[in-house]
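Worksheet: one structure, shown below.
The values are calculated or read from the model by the stated rules, or taken from the named source; none is laboratory data. Bear in mind that the values here come from a model prediction, so they are computed numbers and not experimental data. Each accessible area value is taken on the protein alone, full model and side chains, heavy atoms only, with ligands, DNA and RNA left out. Shrake-Rupley method; radii C 1.70, N 1.55, O 1.52, S 1.80 Å.
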Amino acid sequence: MAEVHIIGNLDGGEGFSSPNLSCKWCFETGGAWRLLEGVKDGQTQVDHPIDEGRAHWAHPIDLHYAIKGIQGWPKVSLQVFSEDIYGRTQLVGYGFVHLPTSPGFHEIECPTWQLAGTALDQVQSYFVGNGPQLINDDVIASGSDRYRLQTIASGTVYLSLYIVTRNFNKFGIES
Amino acid sequence: MADNSLFLVMITGQVESADFPLYDDLYCRVSVVYGADWLLVSGLEEGTSQITKKTKDEKQKFVWNFPIEVTLKSTNPHGWPRLVLAVYGLDAFGRDVVRGYGSVLFPLVPGSHKLQMSMFVPESTSLLQKFTSWLLGTRPEFVDPKFVTQSDGREVTRVRSQGSVSISCNIMTKDIATAGYVVSSTVKT
């Protein structure tokens with residue numbers, strides 16, 4: 001059986017409405033992928049950067065998959081939250097990114113978006129915070145129901161990952 | 001297959017310097033953290049640097065020049081070694097206060113690498129804790145600095161990121177390709 005390792009860090013985020021950010025992340029794979037070791041979802045620390053610049057999460061990622069087929073190559077879906085001075089969190093970005101298929105080091109930038117909602121929603125979220133959220137998180141990484149949504153661009157999330165493959169040439173897979 | 005899947009990783013390098021504009025008199029605790037399948041073959045996995053003052057020019061750099069030399073063996077890249085740093089300084093009463101935690105993954109690709117580690121300190125989560133820590137002059141700390149290499153439990157921590165540390169390292173691997181692993185798209189077996 002071929003194996004894939006994903007080792008690296010969820011580095012940080014930048015360009016959101018507030019610099020005090022945290023991120024909820026989840027790796028999604030197809031049915032032929034079996035997770036042998038590692039944690040495939042989690043949530044980062046909340047960073048309050050002193051320079052009000054990029055939020056640093058330095059969140060470790062270390063996954064080991066055994067695969068029977070390459071369909072369903074992993075993708076990571078992200079939800080970025082900001083924290084205000086009262087300690088309230090609100091959602092400021094959704095995003096997903098496919099992991100690179102070639103082995104080696106990859107610096108990945110994931111652009112994110114958030115829901116715009118109606119004009120009333122926008123007025124409400126301007127004064128009390130907390131804009132609209134997705135009920136079903138599956139929409140983040142799938143293209144099937146996107147046409148219903150009205151969205152606004154948000155910040156960028158940075159990941160740095162090493163992809164290590166094992167026994168791919170034994171099965172004739174070129175990556 | 002099980003017999004020849006063992007591989008060795010040699011890491012040499014140093015904790016070069018740091019950038020902490022607000023502080024002076026800093027030292028760092030260095031540790032190498034690795035997974036359950038890994039075994040230390042030679043070298044020290046922990047160390048403490050000297051206490052240094054920053055340079056007097058406009059760069060305001062702290063230089064530690066602290067060596068890292070470890071060789072590890074494993075059968076599985078899961079739990080690839082990471083470097084953990086905890087930077088401490090002295091406060092006005094001469095007590096050790098933490099100024100930053102950070103971690104960085106050692107590169108999986110052999111060669112010479114320059115790494116940048118951004119540092120952060122945990123913050124009090126409640127106003128009462130903020131007040132008592134201000135009153136007593138004690139900052140919140142992680143019980144174990146190796147916490148920063150774990151994924152679990154991070155969501156409950158509030159941190160303030162400040163400063164960064166520069167690290168240079170050289171990675172050599174042995175038998176990782178014969179174990180069937182491909183770690184780089186340029187090195188074909």
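Could you work out what % of the accessible surface of the stretch B:7-174 is carbon and sulfur, using a 1.4 angstrom probe and leaving DNA, RNA and ligands out of the count?
Values: 4490 of 8080 Å².
Result for the stretch B:7-174: 56 percent of the exposed heavy-atom area is carbon or sulfur.
Mean residue ellipticity, 222 nm, helices only, chain A: the sum of -39500 (n - 2.57) across DSSP H runs of n ≥ 4, divided by residue count and rounded to 500, is -1500 deg cm²/dmol. Solvent-accessible area lost on pairing A with B (1.4 Å probe, both sides summed) amounts to about 3100 Å².
What is the ratio of the Cα radius of gyration of the protein assembly as shown to 2.2 N^0.38 Å, where N is its residue count, to two decimals? Please report the intermediate quantities before stating the final value.
Working: Rg = 21.8 Å, N = 364, 2.2 N^0.38 = 20.7 Å.
Cα-based Rg divided by the globular estimate yields 1.05.
Rg/Rh for chain B stands at 1.03; both radii use Cα atoms, and Rh follows the Kirkwood definition.
Which residue fluctuates the most in chain A, going by a Gaussian network model with Cα springs under 10 Å, if the choices are A:133, A:150, A:43? Looking only at A:133, A:150, A:43, the largest GNM fluctuation is found for A:150. Counting only protein chain heavy atoms and rolling a 1.4 Å probe, the accessible areas of A:59, A:48, A:98 rank, largest first, as A:98, A:48, A:59. Taken over the stretch B:7-174, lysine pairs spaced eight or more positions apart, or on distinct chains, with alpha carbons under 25 Å apart number 12. Scale the Cα Rg of chain A by the rule-of-thumb value 2.2 N^0.38 Å and send over the ratio, two decimals. Rg over 2.2 N^0.38 Å, computed on Cα atoms: 1.13.
For residue A:68, a cut-off of 20 angstrom between C-alpha atoms picks up these lysines, skipping any fewer than 8 places away in its own chain: A:40, A:170. Estimated from helical segments only, the mean residue ellipticity of chain B at 222 nm is -1500 deg cm²/dmol, where each DSSP H run of four or more residues counts as -39500 (n - 2.57). Computed from backbone phi with θ = phi - 60° and the Karplus coefficients 6.51, -1.76 and 1.60, the 3J(HN,Hα) list for the stretch A:90-99 is 9, 6, 10, x, 10, x, 8, 8, 6, 6 Hz; x is used for glycine and proline.
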